[in-house]
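Beneath this line is the structure, given in structure tokens, with notes to follow.
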Amino acid sequence: MSTERLQRPLTADETDAFRRDGVVMLPGMFSEKWIELLNAGLAAHRDEATSRARIWDRDEQGRTMFWDSMAWHDRPEYQTFVFESPAAEIAAQLLGSQSVHFFFDAVFVRSPGSQFETPWHQDEPYWSVDGHDTCTIWMPLVPVRAKNALAFVPGSHLSGAVFDQPDFGVLNPDAKDGVDRSDFSAIADADIPDIDADRDAFGVVSWDMEPGDCVVFNSRILHGGSGLLDDDTGLSVFTSKWLGDDVRIAFRDEGMDPDFSEIMRGYGLEHGDRPGTDLLPRVWSATS
Ligand SMILES: O=C(O)CCC(=O)C(=O)O
């Protein structure tokens, strides 16, 4: 299986921005065929969600925020995207890695007017992997304005801090069973700052984006603040998570939500291993 070449080369400024700020917006990285494929996949996915799916928010007007993860095993459209789109090479170039493994997909779908705002948080400290070389490719499948898009605190990926953060297990208005609850304070070493009190002071960034654009962010960066949609505006986002050269499996007592540790162990992965197997496949390598 080979990935499609990049639609355009990454510039040195883009690569520098990713390493310095931990986030970069890349216009025009995915052609229409990839957006159509992901939209088709998402439509089917909504009818066949995984057991991990949940509604993060359901308000009195019936507006919802749907979330699901690791659906690619059962979604041929997502499989094609993972193995054949330029995503893996984008991740490899920004991470500066000789190879990249796929971690998982996650979708964030808000119905028009949804007022649900993603809480500020980090990803990697709460994942079942450890390493600096991890990233998410965040792709809106519809146009999104900067005020509604995912926002970031540039440079926070280098702080070394693990911030205490909201327990995403509480985002469960339908009281679905089997939702993990975690005591994040057990692994955090700093309180999450009040970023919304003064976004300018934190240098918060977000961008107007069209389908085909993507934001790539280091998984240690503080991010959140997306949502608060106008009544005529919905937001569908496909994300893919990628693992580079320094990443090792890290089973943690608290954090990953949902916790993939048992699934990972089922594939024979042990704490300290490099990613691999059919669960975390190597998708791109400098030598292939
Ligand atoms: O799109 C969103 O609202 C949240 C995305 C996010 O937090 C993530 O991909 O880690």
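Does region 265-283 contain at least one residue that is free of Cβ contacts under 8 Å to residues at least 40 places away in the same chain, of a type in the set (A, V, I, L, M) and more than 15 Å from the ligand (Cβ to nearest atom)?
Yes, the conditions are met somewhere in region 265-283.
Inside region 174-206, can you point out the residues that are touching a strand residue (DSSP E or B) at 6+ places or on another chain (Cβ under 9 Å), part of a loop (DSSP other than H, G, I, E, B) and surrounded by 15 or more Cβ atoms within 10 Å (Cβ to Cβ)?
Of everything in region 174-206, those that are touching a strand residue (DSSP E or B) at 6+ places or on another chain (Cβ under 9 Å), part of a loop (DSSP other than H, G, I, E, B) and surrounded by 15 or more Cβ atoms within 10 Å (Cβ to Cβ) turn out to be V179, A188, I192, P193, V204, S206.
Inside region 207-233, can you point out the residues that are more than 12 Å from the ligand (Cβ to nearest atom) and either free of Cβ contacts under 8 Å to residues at least 40 places away in the same chain or assigned to a loop (DSSP other than H, G, I, E, B) (or both)?
Those that are more than 12 Å from the ligand (Cβ to nearest atom) and either free of Cβ contacts under 8 Å to residues at least 40 places away in the same chain or assigned to a loop (DSSP other than H, G, I, E, B) (or both): W207, D208, E210, G212, D230, D231, D232, T233.
Does D246 satisfy the condition of being farther than 23 Å from A186 by Cα and of a type in the set (D, E, K, R)?
yes
So for region 67-85 (the condition being within 16 Å of the ligand (Cβ to nearest atom), in contact (Cβ under 8 Å) with a residue 12 or more places away in the chain and of a type in the set (D, E)), does at least one residue qualify?
Looking for residues that are within 16 Å of the ligand (Cβ to nearest atom), in contact (Cβ under 8 Å) with a residue 12 or more places away in the chain and of a type in the set (D, E), one finds at least one in region 67-85, hence yes.
Count, please, the residues in region 98-144 that happen to be part of a strand (DSSP E or B) and away from the ligand (no atom under 15 Å from the Cβ).
Keep residues of region 98-144 that are part of a strand (DSSP E or B), which gives 99-110, 117, 121, 129-130, 134-140, 144.
Next, only the ones that are away from the ligand (no atom under 15 Å from the Cβ) stay: 99-101, 130.
Matching residues across region 98-144 total 4.
Working only within region 138-152, note down all residues that are in contact with a helix residue (DSSP H, G or I) (Cβ under 8 Å, 6 or more places away or on another chain) and surrounded by fewer than 24 Cβ atoms within 10 Å (Cβ to Cβ).
Narrowing region 138-152 to residues in contact with a helix residue (DSSP H, G or I) (Cβ under 8 Å, 6 or more places away or on another chain): 139, 141, 152.
Once the filter is applied, which keeps residues that are in contact with a helix residue (DSSP H, G or I) (Cβ under 8 Å, 6 or more places away or on another chain) and surrounded by fewer than 24 Cβ atoms within 10 Å (Cβ to Cβ), region 138-152 yields only L141.
Quick note: the coordinates plus some simple rules give every number you see, no bench work behind them. Since we're looking at a predicted model, the values are computed, not measured. Neighbour counts run over all protein chains shown; Cβ positions are idealised from the backbone, glycine included.
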